[in-house]
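Okay, so here's the structure we're looking at.
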Amino acid sequence: MKFNKEIKIRNKVIGNGNAPYIIAEMACAHNGDFQQAKDLILASVEAGADACQLQFFVPEETVTPSHPVFSVLNDIAFSKTQWKELFKYGAELNIDMWVCTYDLPSVNWAVEFGAKGIKLNSADLSNPDVLKAVAESNIPFTIGTGASTLDEIARGLRYTYDNGARNAVLMQGVQNFPTKNSDLNISRIQLLKSVFENIPVGYADHTDGEDDFGNVIDLLAIGLGANILEKHITLSRKDKGIDYQAALEPNEFKKYVADMHKGFEALGTIELKPFSKSDLKYRKFQKKSIVAATDLKKGDVITRDKVRFLRNEVPGIAPIEFETIEGKKAVKDILTFENICLNDVT
C-alpha cells in the first residue's frame, strides 16, 4: 500500500517536517443547541485551530434502540439543513471543516457539504460500508486505532486503499473521558509509524481538561512525530455537557494551540543543516581557542607551556588542532591571551 506521505489541505501540509495540524473537536459539546455549535466554531477559529470537527450521526443508523446513548443522540441531533448551515458558517470564518462520521448518511452529507476531512472512529475500522464510502470520496481522512490490533488496522487500511483511498492518517488515542495518564500509551505513535511507514500518524487526546499536565501532554506526541493533534473543545466545563471531562475551554484551547506550535518549533530537525545565526552566535561565545600563555616574541618556538586553551572574545584555532602549530616559530610578536593563528607561525 502506497498512501501519500503528505496530505495538502488548502495552504497546509500534513506530514513529517510540517507543523502539527490541530483539530478542535466539537463532537457533541453543543448539546443539541444550534447557537452553541456556532459559538464553538467561532471559538475554534479564535483559538487558532486549523480545523473544527463536527460529529454527524443518524441515531438509528449508528446504534441500536436499546443502546444507552440512543436517546441522547436523538435529543441532540441536528437536521441536515442545520449541519449545512454550520458548514457554511465555518467556511465564512475560513477554518477547515471536518466531520466525524458514524454511518453512511453522515458520510454522504460530509461529501455533499465539501468537508475538508473526515474522521472515522475505531468503531468503523472494520465497517466495510463506511470505509468504502469514505475511500471513494477522495476526501482526506483520519482513522482511529484505539483498542485495535495491528491486523485490524492493516485490514481496514487495505480495504480503503483497494477502494481508491490515498490520503489517510492513523490516529492513536483512547476515548475514555477522561483518559488516565497511565493509559495513554503515546509511544504507540512510534509503533504505527514503523509498521505503516508511508502513512502520517496523529494523536487524539482525551486527557482531563482540569489537569494542567493534560494541557501540555500533547507535546510528547509532537516529539514522537504526531502530524495531527485532535483536542476536544467546550464552551464551559462547568455546564458538564457531553464529553466535557476531556475538553478545553476557549481560552485554554488558545493557549494549547500556541504551546503546541512552540513545542514544534523547539523540536527542530534531525537533518544536517548549516549552522543557524543562533548556532554561530553560540559558537563564538562558547568555543575555546589556542591563545598565548605569555608574551611571545618573533622567533619564539610554540610549545605546549607557551599556550593556553581558553574561550576568547574572537574564536581562533580549536585546541584539538594544537599539533598544527606545535614546534613552529612565531613570525611576529604575540601578546598574552591573543589568539595564535596559522599565519602567525612558520
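Read-outs: derived from the displayed coordinates by stated rules, not from any lab. What you are looking at is a predicted structure, and each value in this text was computed from that prediction instead of being measured. Neighbour counts are summed over all protein chains in view; Cβ atoms, including those assigned to glycine, are modelled from backbone coordinates with ideal geometry.
For the pair region 13-65 / region 287-346, the C-alpha centres are spaced 65 Å from each other. Of LYS180, LYS273, LYS231, the residue with the greatest mean-square motion in the GNM of the chain, using alpha carbon springs below 10 Å, is LYS273.
Here the gap between VAL216 and ASN343, fully extended at 0.36 nm per residue and compared with their Cα-Cα distance, gives a gain of 40.4 nm. Report summary: the helix-based calculation at 222 nm, which adds -39500 (n - 2.57) for every DSSP H run with n ≥ 4 and divides by the residues of the chain, gives -9500 deg cm²/dmol.
Would you tally the net charge around GLU210, using a Cβ to Cβ cut-off of less than 11 Å, leaving GLU210 out, and scoring K and R as +1, D and E as -1?
Numbers: positive: ARG237, LYS238; negative: ASP208, ASP211, ASP212, GLU249, GLU252.
Around GLU210, the surrounding residues sum to -3.
Each of VAL69 and SER126 was given a label point 7 Å from its Cα along the Cα-to-Cβ line. The distance between the two points is 1.8 nm.
Note on LYS5 and LYS255: their simple-model spin labels are 3.8 nm apart, each label 7 Å out from Cα toward Cβ.
Can you give the FRET efficiency for GLU60 and ALA266, using 1/(1 + (r/R0)^6), R0 = 45 Å, r = Cβ-Cβ distance, to the nearest 0.05? Before the final figure, lay out each step's value.
Numbers: r = 48 Å, r/R0 = 1.07.
Plugging the Cβ-Cβ distance into 1/(1 + (r/R0)^6) gives 0.40.
Between THR142, THR81, THR62, the Gaussian network model of the chain with springs among Cα atoms under 10 angstrom shows the greatest mean-square fluctuation at THR81. Remark: relative contact order (the chain) = 16 percent; criterion is Cα-Cα distance under 8 angstrom and separation of 6 or more residues. Applying a length cut-off of 15 Å (Cα extent along the axis) and a mean Kyte-Doolittle floor of 0.0 to the DSSP H helices of the chain leaves 34-47. Placing dummy labels 7 Å off each Cα toward the beta-carbon, the span from LYS284 to ALA77 is 6.8 nm. Once you reduce region 218-248 and region 134-179 to the center of their Cα atoms, the two points are 20 Å from each other.
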